Each structure stands twice: as structure tokens, then as C-alpha cells.
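The values are calculated or read from the model by the stated rules, or taken from the named source; none is laboratory data. Computed from a predicted model, the values in this text were never measured in an experiment. FYI the Cβ positions are ideal-geometry reconstructions off the backbone, even for glycines, and counts take in every protein chain you see. Note: accessible area is taken over every heavy atom of the protein model, side chains too, but ligands, DNA and RNA are not part of it. Shrake-Rupley method; radii C 1.70, N 1.55, O 1.52, S 1.80 Å.
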Amino acid sequence: MRIVLLGTAAGLAMSTVASAQLRASVGAGAGIAGSTDATLSEGRTAPVGMAQVTRAAGPIGVGVEVDGWRRSASDVLVATGNLQLQVPSTQFLVTLGAGFGRGDPDGLGTISGTAGHVGVAYDIPLSGSKLALTVFGNGFLVYSPTRSIQMVEGGLAITRR
């Protein structure tokens, strides 16, 4: 329900931007996830998938992002509403977000709660098209009163701008 409300709020915010440009990315990479029962260096590595849609007017965009991490019987899924800022005169992007996350990063039971998201990305435009290769890195914290999830990831995405 939280994800639906978050998506609806982001959709309403995006629709109010009249001269906005749509940006959509799908990517994959690697990540490490763990719980706050241990340090992240004791976490588990696994493949990640990322999907993001952002509507931008100038250097500021509003959007949603979903990131998934999976390793055998352990998984983490995080969905956030984001504010994305493009550094002027560059292809460098900074993302800040909040939303909901759920998963079992260490085999000790499912955790769910409010998520925070900090990310960076760099677009490498493909000549003569609206596509770019995007190098991305994200950090997430999913808060729960008993224990929390921490996850960092990096990878490569194809982006339509």
C-alpha cells in the first residue's frame, strides 16, 4: 500500500511539471547487503537490478526507483520516491529518496520498514540517439525498530533521456 501511495504521489508531482522531460533507466550490477546486527563488511554480495523513472524540468527531477538484491534464500527489495539533481553543465546526477523496503539480507528473518536512499549516477550519451549508458551507485537504509537493512550497490544501466 505504501508503494502505491508513494507512486501515486510521485505521479501527481510529475504531472504538474508542464515542460518536463521523461527519463527511464533499467540496469543491473552487484551489491552488498546486511542487517544492523553486524557491519556491512560482513554482509552478503549478490546481483542487483534497478529500474527508475524520473520526470525532470531543467536540472531537477522527481521520480520513483525500485532496486532488488537477491542471493539464494535471501533478498531485499526497496522502492523509493526520489528527488534527482543534475549538476549543471555535466552528465552527473545526485539522487535523494525515501520510501519502503523489505527483505531478509542475512537469513535471520524478514525486515520491513521506512527506507532512505542516496545515489549518484553518470550518463555517457550514445551518439545520435536519446540513449545513454549510465553508471550508478546507490546506498539504502531500511529502518525497523528491531534491526535494519543496509545495502550498497553499483552497476550499469541503459537510459532513455
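Of everything in the range 122-144 that's of a type outside the set (Ser, Thr, Tyr) and without any contact (Cβ under 8 Å) to a residue 24 or more places away in the chain, which residue is most open to solvent (accessible area, probe 1.4 Å)?
Residues of the range 122-144 that are of a type outside the set (Ser, Thr, Tyr), as a first pass: 123-126, 128, 130-133, 135-142.
With without any contact (Cβ under 8 Å) to a residue 24 or more places away in the chain added as a condition, the list becomes 126, 128, 135, 137, 139.
Numbers: 126: 64, 128: 88, 135: 72, 137: 20, 139: 22 Å².
Applying the filter and picking the extreme gives 128.
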Legend entry - Restricting the range 44-76 to residues that are touching a Ser or Thr at 6+ places or on another chain (Cβ under 8 Å) and among the small types (Gly, Ala, Ser), the residue that is farthest from residue 101 (Cα to Cα): 57
